[in-house]
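Just below is one structure, and these are the notes that go with it.
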Amino acid sequence: MSKKKKSIDMLYGSKDGEKSFMGLPRCKNLDKLDADVAIIGAPCATPYKSVGPYCKDAPTAIRKAIGSYAGAIDHMDFDLGGPLLGDGSKKVVDCGDLDYDEKDAAANRKRIRKAITKIVEADAVPIVIGGDDSIPIPVFQALEGRGPFTILQIDAHIDWRDETEGERLGLSSTMRRASEMDHIERIIQTGQRAVGSARPGDFEDALAWGAEFFVARDVYINGIQPVLKAIPNGANVLISLDVDAFDPSIAPGVLARAPGGLSYWQVANLIQGVAKKARIAGFNIIEMVPDQDIDGLTALTSARTVCNVIGALCRQD
């Protein structure tokens, strides 16, 4: 066992990294998918050479963090007002993790896009557990022709770089690439704070395109209602959550920590608020870095957020 693998097991306490999320049924063949909601792990898409596949162990860590609660899946979940799966009328499955090759980003993106295409063709809503910050690009691409969609990005950074280190499909460019897709009609971004890769010109480009921003300081002052108000009633919404949107006090396991992030309840209420006025058509959670985590806190915060998404999807029409 490698030192890195051993540290993951020590942090998150499970000997079996292949266990499904919360003990949910497994689907090992996407061609035979029969579910309303499909969880799938995407460990790696297009990381920059300077950082490598820094989040590749995140899907395993997130599953392990919540694994001990598998026997309580039908218990009262006070964050949701009832059991995780609601009245049990919707089927949720875990499709495991996609393979990846850290030296072949194009193949990784193709694999992710193909998997998400199969999930939506089966009329299931994808929950993608990443993985590096570039994963949303092939996820959004897989939904081509099924729009229009509104993106709600919850992130400390705006991700509007045209290229970084010569890469146009990397982790700093997700919203820029999304803006170029015909099926994306609206981008709403919240949680931004501190300093990242964005130059002033990138922010100006985002505003010129029509992206709406509710930065972390605004959320602190005004709450989440202005964000929810910006989402049209009945819209199909793709939620893209970068774990660094959370305050590092509850999610220290990220690449770039910055104080003043969103709280667990702000993110949970955003998710549930979207489900009440619109339709969550897809969700991804990215940039959980197990090697930077402290006492498994980031993995647990991430896992509980995924529970909120599952609960919301099981309760939406």
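Which residue fluctuates most in the GNM of the chain (Cα springs below 10 Å): 263, 173, 302?
Highest fluctuation of the listed residues: 263.
Note the per residue figure in Å³ for the convex hull of the C-alpha positions in segment 184-257.
115 Å³
Taking only Cα atoms and a 10 Å spring cutoff, compute GNM fluctuations for the chain and point out the largest among 57, 202, 244.
Comparing 57, 202, 244 in a Gaussian network model of the chain, the most mobile one is 202.
For segment 51-208, with only Lys/Arg (+1) and Asp/Glu (-1) charged at the beta-carbon, what is the dipole magnitude about the Cα centre, in debye rounded to 20?
For segment 51-208, the charge dipole is close to 240 debye.
Report, in deg cm²/dmol and to the nearest 500, the calculated mean residue ellipticity at 222 nm for the chain, where each DSSP H run with n ≥ 4 adds -39500 (n - 2.57) and the sum is divided by the residue count.
Only helices count here, giving -10000 deg cm²/dmol.
Give, to the nearest whole percent, the P(r) tail of segment 208-317 beyond 16 angstrom, counting all Cα pairs.
Value for segment 208-317 (Cα pairs over 16 Å): 59 percent.
Over segment 145-273, what relative contact order in percent results from Cα pairs under 8 Å that are six or more residues apart?
30 percent
Through the Karplus equation 6.51 cos²θ - 1.76 cosθ + 1.60, θ set to phi - 60°, convert the phi angles of segment 163-176 into ³J(HN,Hα) values in whole Hz; use x for Gly and Pro.
7, 9, 6, x, 10, 9, 10, x, 6, 9, 10, 4, 6, 4
Identify, among 282, 197, 65, the residue whose Cα sits farthest towards the positive end of the charge dipole of the chain, taking +1 on the Cβ of Lys and Arg and -1 on the Cβ of Asp and Glu, with the dipole about the Cα centre.
65
With labels modelled as points extended 7 Å from the Cα through the Cβ direction, what inter-label distance (nm, one decimal) is found for residue 72 paired with residue 217?
In this crude label model, residue 72 to residue 217 measures out at 3.9 nm.
Based only on other Cβ atoms within 10 Å, what is the fewest-to-most ordering of 150, 298?
So the ranking, lowest neighbour count to highest, is 150, 298.
Report, in debye and to the nearest 20, how large the dipole of segment 186-317 comes out about its Cα centre when Lys and Arg carry +1 and Asp and Glu carry -1 on their Cβ.
Value, rounded to 20: 580 debye.
Gaussian network model of the chain, Cα springs within a sub-10 Å range: biggest mean-square fluctuation belongs to which of 20, 89, 172?
For the chain, modelled as a Gaussian network with Cα springs under 10 Å, the answer is 89.
Could you check the simple spin-label distance between residue 263 and residue 144, using points 7 Å along Cα→Cβ, in nm with one decimal?
4.3 nm
Taking N as the number of residues in segment 3-315, what is its alpha-carbon radius of gyration divided by 2.2 N^0.38 Å?
Against the empirical 2.2 N^0.38 Å value, I get 0.91 for segment 3-315.
How much length is gained if the chain between residue 79 and residue 181 is pulled fully straight, taking 0.36 nm per residue apart and subtracting their Cα-Cα distance, in nm to one decimal?
Length difference between fully extended and current span is 33.2 nm.
Taking all pairs of different Cα atoms in segment 21-109, averaging 1/r and flipping that mean, what Kirkwood radius in angstroms comes out?
This gives a value of 14.9 Å.
About the Cα centre of segment 3-315, how large is the charge dipole given +1 on each Lys and Arg Cβ and -1 on each Asp and Glu Cβ? Please answer in debye to the nearest 20.
My answer is approximately 500 debye.
Read-outs: derived from the displayed coordinates by stated rules, not from any lab. Worth saying up front: this structure is predicted, and the values here are computed from it rather than measured. Virtual Cβ from ideal backbone geometry, glycine too; neighbours counted across all protein chains shown.
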